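Student: I have a structure I would like to understand better, so I am pasting it below and will then ask my questions one at a time.
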C-alpha cells in the first residue's frame with residue numbers, strides 16, 4: 001500500500017511535466033502535418049540543375065553513356081513544356097547536343113557527390129525514378145529542418161512560441177523553395193542547422209563532424225569548416241576538432257580532384273559569363289560585386305539579415321551568453337565571407353543565415369527575460 005501511495009504522489013508531481021511533453025509532441029505532429037500539406041500543394045520546380053545532378057548520378061553509377069541516360073530520364077519524368085526549356089537556350093542546347101560539353105558541365109555537380117549518391121541509394125531501395133528520388137530527398141530534408149528548428153527552440157522558449165516560429169519559417173517562400181528544387185539545398189540546410197544546434201548546445205565534436213561531412217553536400221561549407229575549426233580549436237579536445245577540420249578540408253580537395261573541378265575562377269566565369277570569359281579580369285569582378293549585387297542581394301542582406309543578426313548579437317552579449325554570441329558572430333562572418341567567394345549563390349545561403357539569426361534572437365531574448373525576472 002505504501003508503494004502505491006508514493007507512486008500516486010509521484011505521478012501527481014510529474015503530471016505537469018508529462019502534460020508539457022504531450023503538448024510538445026502534439027505541436028510537433030501539427031507542424032509535421034503542415035509541412036506535408038505544404039509539399040502536397042507545391043509543385044517541383046525542374047530547373048537546369050536537375051540535368052547536372054542526373055548526369056552526376058549516372059556518372060557515379062558507372063553508366064557507359066551518362067549523357068544519353070540523363071536525357072532519357074528527363075524525357076520520361078519531366079513535363080514536355082519544361083523539357084523544352086531545359087534544352088532550348090544556346091547554352092543548354094549545346095550541352096544537350098554534345099556529350100563532351102555535358103561531361104564538362106557535370107564536373108560542377110560531381111563535386112557535391114552526396115546528393116547524387118543519395119539519389120542512387122533511394123532509386124535502388126525503392127521503385128522511385130532518380131528524378132522522383134531527388135524530389136523526395138528535398139522534401140524530406142525540408143520537413144526535418146522545420147522539425148529541428150522547432151525542437152531546438154522548444155526547450156528554451158516553450159512549445160507554443162517554438163511552434164509559431166517554425167510554422168512561419170516553414171511557410172516562408174525561401175524555405176518552401178528548397179522543397180521545390182531538385183537540388184541539395186534543403187539537405188545542406190538540414191546539415192547546417194544540425195551543426196549550429198550542436199554548436200549552441202556545446203557539443204563541439206558533433207558540430208565539427210556534421211559540418212565536415214556537409215562538404216559532400218555543398219562544397220562552400222568548407223568556409224564554415226574553417227571558421228568553426230578556428231573557433232573551437234581553443235577548446236578541448238583539440239585533437240578531435242583539428243582532425244575533423246582537416247578531414248573536412250581534405251574531403252573538399254578530394255572531391256575537387258575526383259570531379260576534375262576547374263577552379264574558382266572558371267566557376268565564377270561559368271556562373272556569370274556562361275564561359276565567355278575564361279579568366280575574369282579585375283574589372284569583371286568589380287562589375288559583378290558593384291553593379292549586379294549592390295541593388296539586390298547586398299541591399300536585402302543589409303536591410304533584413306544584418307540588422308537582425310546584429311541585434312541578436314547585442315542582446316546575446318548583454319546576456320553574457322558566450323556560446324550564443326559566438327554562434328551569431330560566426331554566422332555573420334560566414335555570410336560575408338560566402339558572399340565574397342560565392343556571390344552567385346546567396347539565395348541558398350540566406351535561408352540558413354536567417355534561421356540562425358532568428359534562433360539567436362529568440363534564445364537571447366528568452367534568456368534576457370529570464371534574467372530580468374530573477375532580479
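Student: Which of 222, 106 comes first, and how do the rest follow, when ranked by fewest Cβ neighbours within 10 Å?
Tutor: In order of increasing Cβ crowding within 10 Å: 222, 106.
Student: Taking neighbour counts of Cβ atoms within 10 Å as a proxy for exposure, in what order, fewest first, do 197, 239 appear?
Tutor: 239, 197
Student: For Cα pairs less than 8 Å apart in space and 6+ apart in sequence, what is the mean separation divided by the residue count of region 49-110, i.e. the relative contact order in percent?
Tutor: In percent, rounded to a whole number, it is 42.
Student: Also, quick follow-up: Is region 49-110 best put as rounded, prolate or oblate by its Cα gyration tensor, with a ≥ b ≥ c the root eigenvalues, rounded for a/c under 1.5, and otherwise prolate when a/b is larger than b/c, oblate when not?
Tutor: Oblate, since a/c reaches 1.5 and b/c is not below a/b.
Student: Shifting gears a bit: Using the Cα gyration tensor of region 119-246, with a ≥ b ≥ c the square roots of its eigenvalues, what is the shape: rounded (a/c below 1.5), prolate (a/b larger than b/c) or oblate (neither)? Provide the component values of the computation, followed by the final result.
Tutor: Working: a/c = 2.39, a/b = 1.25, b/c = 1.91.
Cα axes put region 119-246 in the oblate bin.
Student: For region 147-173 and region 206-221, write down the distance between their C-alpha centroids in whole Å.
Tutor: Here the answer is 24 Å between Cα centres.
Student: Quick one: length gained pulling residue 171 to residue 101 fully straight, 0.36 nm per residue minus the C-alpha distance?
Tutor: That works out to 21.3 nm of additional length.
Student: To continue, here is another question. Of the listed peptides 187-194, 200-207, what is their order by residue-averaged count of other C-beta atoms within 10 Å, with the highest listed first?
Tutor: The densest-packed peptide leads the list: 187-194, 200-207.
Student: Report the extension gain between residue 260 and residue 92 in nm, rounded to one decimal, defined as 0.36 nm multiplied by the number of residues separating them, less their alpha carbon distance.
Tutor: Contour length minus the Cα-Cα distance gives 58.4 nm.
Student: If you rank 240, 24 by fewest surrounding Cβ atoms within 10 Å, what's the result?
Tutor: 240, 24
Student: Using 0.36 nm per residue, how much length does the chain from residue 117 to residue 30 gain when fully extended, once their Cα-Cα distance is taken away? Walk me through the intermediate numbers first.
Tutor: On the way: separation 87, 0.36 × 87 = 31.32 nm, distance 3.18 nm.
Length gained, residue 117 through residue 30: 28.1 nm.
Quick note: the coordinates plus some simple rules give every number you see, no bench work behind them. Keep in mind it's a predicted model, so treat the numbers as computed, not measured. Note that we place each Cβ from the backbone using ideal geometry, even for glycine, and neighbour counts take in every protein chain shown.
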